[in-house]
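The values are calculated or read from the model by the stated rules, or taken from the named source; none is laboratory data. Quick caveat: nothing in here was measured; it's all calculated off a predicted structure. Glycine gets a Cβ as well: all are built from the backbone with ideal geometry, and neighbour counts include every protein chain shown. For accessibility, only protein heavy atoms count, side chains too; no ligands or nucleic acids. Shrake-Rupley method; radii C 1.70, N 1.55, O 1.52, S 1.80 Å.
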Amino acid sequence: MAGKASGFLAEFKTFIARGNVIDMAVGVIVGGAFSNITNSLINDIVMPVLGIFTNSISFAELSVQVGSAVITYGNFIQAILNFLIMAFVVFCLVKAINSFHRKKEEAPPPPPPGPSAEEKLLTEIRDLLKDR
């Protein structure tokens with residue numbers, strides 16, 4: 001049993017040490033921080049502007065009562081709006097990163113170095129020998 005546990009732990013250690021797992025963990029952490037920025041954008045900037053047109057600061061306040069149930073359809077609208085804004089911001093970031101990588105790839109390679117002084121001299125000697 002102890003052999004199985006140590007094998008399992010060794011396999012887990014190998015799994016965790018892979019680069020893509022570390023990259024994914026960094027992505028999740030940065031994504032969480034980015035989520036706070038996007039939520040602030042939505043709640044503090046976009047929604048107040050939309051509130052001018054809808055006479056409401058938040059769609060979450062929109063609801064309808066059917067019998068004893070309260071259907072808060074405003075929460076659904078708010079979630080869709082949050083998703084669309086988040087998707088748009090991520091799209092813009094990915095597009096910017098891709099264009100940055102494309103520019104990097106499109107950079108022309110440096111010209112090959114010219115012949116050295118020794119090569120030039122050997123070429124002249126070869127040409128003189130051909131002429132004889």
Checked segment 26-65 for anything more than 19 Å from residue 93 (Cβ to Cβ) and under 26 Å from the mean Cα position of the chain (by Cα); matches are 43, 44, 47
* Residues in segment 100-109: is at least one modelled with pLDDT under 85, hydrophobic (A, V, I, L, M, F, W, C), within 30 Å of residue 27 (Cα to Cα) and open to solvent by 80 Å² or more (accessible area, probe 1.4 Å)? -> yes
